[in-house]
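Some notes on the structure that comes next.
The values are calculated or read from the model by the stated rules, or taken from the named source; none is laboratory data. A quick note: this is a predicted structure, and the numbers were derived from the prediction, not measured. Cβ: placed from backbone, ideal geometry, glycine included. Neighbour counts: every protein chain shown. Ligands, DNA and RNA are excluded from the accessible area calculation, which covers all protein heavy atoms including side chains. Shrake-Rupley method; radii C 1.70, N 1.55, O 1.52, S 1.80 Å.
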Amino acid sequence: MYSKKKMRATGITVAGLCVAGLAVAGGMAIAAPAATSSQAPHVQAGALINADGTVVHSKGVKAVTVAAPHVYCVEIGNEDVDLSRAIVEATPRDIAGSPIRAVAGGCANGKGVMVGTYDAAGHGKPNAFYLAVL
């Protein structure tokens with residue numbers, strides 16, 4: 001059987017851990033970023049873009065222009081990003097398996113990524129997409 005001192009010490013330790021856990025959880029809620037910013041520490045720029053060209057959330061993206069119903073120009077806002085040396089990845093969001101093409105430096109005087117979205121037959125079709133510039 002446990003002594004009263006051991007039980008008291010155990011109870012105090014458990015209570016302290018609970019308070020510490022609540023403080024950490026509360027800190028995470030307070031430190032949460034705005035809904036329009038992306039949490040992407042390992043990309044230079046990135047975004048989730050709807051089929052109509054609106055930005056859901058982004059990091060380092062200055063603007064998105066719809067050049068045609070299925071062609072988007074994603075202008076990178078960070079002047080330090082060199083698109084001629086960057087790795088660019090675009091992934092379709094709403095129509096899984098649909099072809100997508102991303103050309104780094106293809107618009108905005110070399111400071112943008114041109115993204116084209118297509119259907120399975122290769123015809124232009126608006127589609128939401130994720131873009132990452134690594």
What spacing in nm lies between the two simple spin-label points modelled at S84 and D119, each 7 Å away from Cα in the Cβ direction? 3.9
Using a 1.4 Å probe on the protein heavy atoms, what percent of the accessible area of the stretch 35-134 belongs to carbon and sulfur? 52
Specify the inter-centroid distance of the stretch 45-66 and the stretch 72-134, based on alpha-carbon positions, in whole Å. 10
For the stretch 40-101, just say rounded, prolate or oblate: build the C-alpha gyration tensor, square-root its eigenvalues into a ≥ b ≥ c, call rounded for a/c under 1.5, and beyond that prolate if a/b exceeds b/c, oblate if not. prolate
Hey, what's the stretch 44-134 come to in accessible area per residue, 1.4 Å probe, Å²? 51
Averaging sequence separations of C-alpha pairs under 8 Å and six or more residues apart, then dividing by the length of the stretch 57-134, give the relative contact order as a whole percent. 32
